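Asks: Here it is: the structure, laid out below.
The values are calculated or read from the model by the stated rules, or taken from the named source; none is laboratory data. In this text, all values refer to a predicted model and were calculated from it rather than measured experimentally. A quick note on method: Cβ atoms are made from the backbone with ideal geometry, for glycine too, and the neighbour counts reach across all protein chains shown. Note: accessible area is taken over every heavy atom of the protein model, side chains too, but ligands, DNA and RNA are not part of it. Shrake-Rupley method; radii C 1.70, N 1.55, O 1.52, S 1.80 Å.
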Amino acid sequence: MTDTTEQDLAKLRRQLVRLDDAMSSGVLRVEQADGGGSTVYRDYGEMQLARRDIVGRINALDAKLSGTVRRRARRVVMVGISGF
């Protein structure tokens, strides 16, 4: 049985949460969500590359489902007026 796109997206988001938790705690071993094993990374840089890959795959599936592409803002301009 194949997974639907929504199920794939949910799995990738769970992977991202587990990877983020491991990165924040400094652990280089990440357990799989289904209890089927674990992934051991050599260093933090390798974890960052894996995170970028997962985020890219999440964005691609999200764009496929919604029909729109998310874009990151490169520059934010704020204008304020002082009352003095």
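Asks: Along Cα→Cβ, 7 Å out, is where each label goes; now give me the distance between the ones at Thr5 and Arg29 in nm to one decimal.
Replies: In this crude label model, Thr5 to Arg29 measures out at 3.8 nm.
Asks: For the chain, what is the accessible area per residue in Å² when the probe is 1.4 Å?
Replies: 85
Asks: Given a 1.4 Å probe and every protein chain left where it sits, what share in percent of the accessible area of the chain is carbon and sulfur? It would help to have the intermediate numbers written out before the result.
Replies: Details: 3640 of 7120 Å².
On the chain, the fraction of accessible area on carbon and sulfur atoms equals 51 percent.
Asks: Now, a different point. Looking at [x] 64; [y] 55; [z] 43, which value of percent of Cα pairs over 16 Å apart comes from a calculation on the structure shown?
Replies: [x]
Asks: Report the label-to-label distance for Ile54 and Arg70 in nanometres (one decimal), using points 7 Å from each Cα along the Cα→Cβ vector.
Replies: In this crude spin-label approximation the distance works out to 1.4 nm.
Asks: What 222 nm value per residue comes from the helices of the chain, counting each DSSP H run with n ≥ 4 as -39,500 (n - 2.57) and dividing by all residues, nearest 500 deg cm²/dmol?
Replies: -18500 deg cm²/dmol
Asks: Can you give me the angle between helix 5-25 and the longest principal axis of the chain, using Cα atoms only, in degrees from 0 to 90, rounded to the nearest 10?
Replies: 80
Asks: Given Cβ point charges of +1 (Lys, Arg) and -1 (Asp, Glu) and nothing else, what value in debye, to the nearest 20, does the dipole of the chain about its Cα centre take?
Replies: My answer is approximately 500 debye.
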